[in-house]
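What follows is a single structure, and I will ask about it in a moment.
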Amino acid sequence: MSMSSEGNLQAIEKYIAAMPSLPTTVSKVLEICNNPNISPADLNHVISLDPVLVGRVLKLINSAYYGLGQQVTSLVRAIIMLGINTVKNLALSTAVLGKFSSRNQYQALNMEGFWRHSLCVGVAAKMIAKKRNMDQRLLEEYFTAGLLHDIGKIPINAVFPQEYVMAISVSDRERIALFQAEEKVLEMNHCISGEKIVSAWKLEGAVGDSVRFHHTYTDYDGVHKDVLFSVIAANWFANIMDIGFSGERHLEKLRPIIWEYLHIDKYFFDGIEQSVIDEIEKAKIFLNI
């Protein structure tokens, strides 16, 4: 069984502190994108210092995902066409995936299944936002928040693999949500561990809130309810459809507040499974998963 919750938390903090921080360019992109007066030229200036990121942005605008039919070779034009928010979220997603997807020594969670689940939540959250006619330029925020919502599972999985296997089977046996099983076995859960990553990497805003609150949403009174609730509904869909595997064996019932707020019901997801799977494949290509 586990040590004290304080000892466990310290072990997780130590693991997070030892993780390579986000690339300077990405931190800088996040920082300047928080300024409401930022222009595409400012963003161009920062991104052009990082050839890998330049490649990613151009690859995205020229991918089948956007289906433009003409080659865009100018970075500033790509930024204008994609929108600052999309570029910010692309930089963030690829940087985080780069930190995590290569470490494959995990025993409890199969990383391929984990990222497939995460991509599914990102894609489905974005579809909900589209259906609700949210601002086109904000759609990537929904995708990124969905993609990263479960990131707190990664340190737990790496530091306490045996205990995590145990938590997954407790969840299955007792028919409780995984975060509750984590609390029984480890006296902490993946939202708490996720919060440590959020503060280490300064992932403010909707993405950070989705990591922190996707299981404690009834207490949430922040400004990102729209993204958070979309991610929660998308997470429910990914688990019920068994797309990927996030360690959840028992489906948590969603409170009516989620469906009421979003003005959709669970039947919204009927018939979109194939489009979700197609979008996951596209997203895998440009995120290099």
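Each reported figure results from applying straightforward, stated rules to the coordinates on display, with no laboratory input. Predicted model only: the values in this text are computed from it and were never measured. Every residue, glycine among them, receives a Cβ derived from its backbone with ideal geometry; neighbour counts consider all protein chains shown.
Let me spell out the model: positive unit charges on the Cβ of Lys and Arg, negative unit charges on the Cβ of Asp and Glu, origin at the Cα centre of segment 93-201. What dipole size does that give, in debye rounded to 20?
400 debye
Something else: Taking the 0 to 90 degree range and rounding to the nearest ten, how far is the long axis of helix 190-201 tilted relative to the main principal axis of the chain, both from C-alpha atoms?
40 degrees
Looking at the square roots a ≥ b ≥ c of the eigenvalues of the Cα gyration tensor of segment 153-289, which shape do they give, rounded for a/c under 1.5, prolate if a/b is larger than b/c, or oblate?
Rounded, since a/c falls under 1.5.
Still on this model: Segment 1-49 to segment 95-159: how many Å between their Cα centroids?
16 Å
Another question, if that's okay. If R₀ is 22 angstrom, what is the calculated FRET efficiency for the pair E112 and S48, using the beta carbon separation as r and rounding to 0.05?
0.10
Please work out the Cα center distance from segment 181-214 to segment 258-289, rounded to the nearest Å.
23 Å
So, one more: What do you get when you divide the Cα radius of gyration of segment 1-99 by 2.2 N^0.38 Å, with N the number of residues?
1.39
Here is a further query. What does the charge count around S199 come to, taking other residues whose C-beta lies under 14 Å from its C-beta (Lys +1, Arg +1, Asp -1, Glu -1)?
-1
Given contacts defined as C-alpha pairs under 8 Å and at least six residues apart, what's the relative contact order of the chain, whole-number percent?
23 percent
Which residue, Y164, A233, I258, has the largest displacement toward the positive end of the dipole of segment 136-277 when charges sit on each Cβ (Lys, Arg +1; Asp, Glu -1)?
The Cα lying farthest towards the positive end belongs to Y164.
Continuing with this model, one more query. Given only helices, namely DSSP H runs of n ≥ 4 each adding -39500 (n - 2.57), what is the per-residue ellipticity at 222 nm of the chain, to the nearest 500 deg cm²/dmol?
-20000 deg cm²/dmol
With axes computed from alpha carbons, what is the tilt in degrees of helix 84-100 against the longest principal axis of the chain, rounded to the nearest 10 within 0 to 90?
Result, in degrees: 50.
Next question, about the same structure. Could you put T25, T144, T86 in order, starting from the residue whose Cβ has the fewest other Cβ atoms within 10 Å?
T25, T86, T144
Sticking with this structure for a sec: Quick one: net charge of G83's neighbours, Cβ under 13 Å, K/R +1, D/E -1?
Here the charged neighbours net out to 0.
Still on this structure: So if a site counts as exposed when it's one of the trypsin sites (Lys or Arg not before Pro), its DSSP state isn't H, G, I, E or B, and it has at most 11 other Cβ atoms within 10 Å, what's the longest stretch of the chain without one?
1-174
Give me the net charge of E174's neighbourhood, meaning all other residues with Cβ under 14 Å from the Cβ of E174; Lys, Arg count +1, Asp, Glu -1.
-1
From the Cα gyration tensor of segment 157-231, with a ≥ b ≥ c the square roots of its eigenvalues, which class applies: rounded if a/c is under 1.5, or else prolate if a/b is larger than b/c, or else oblate?
Oblate.
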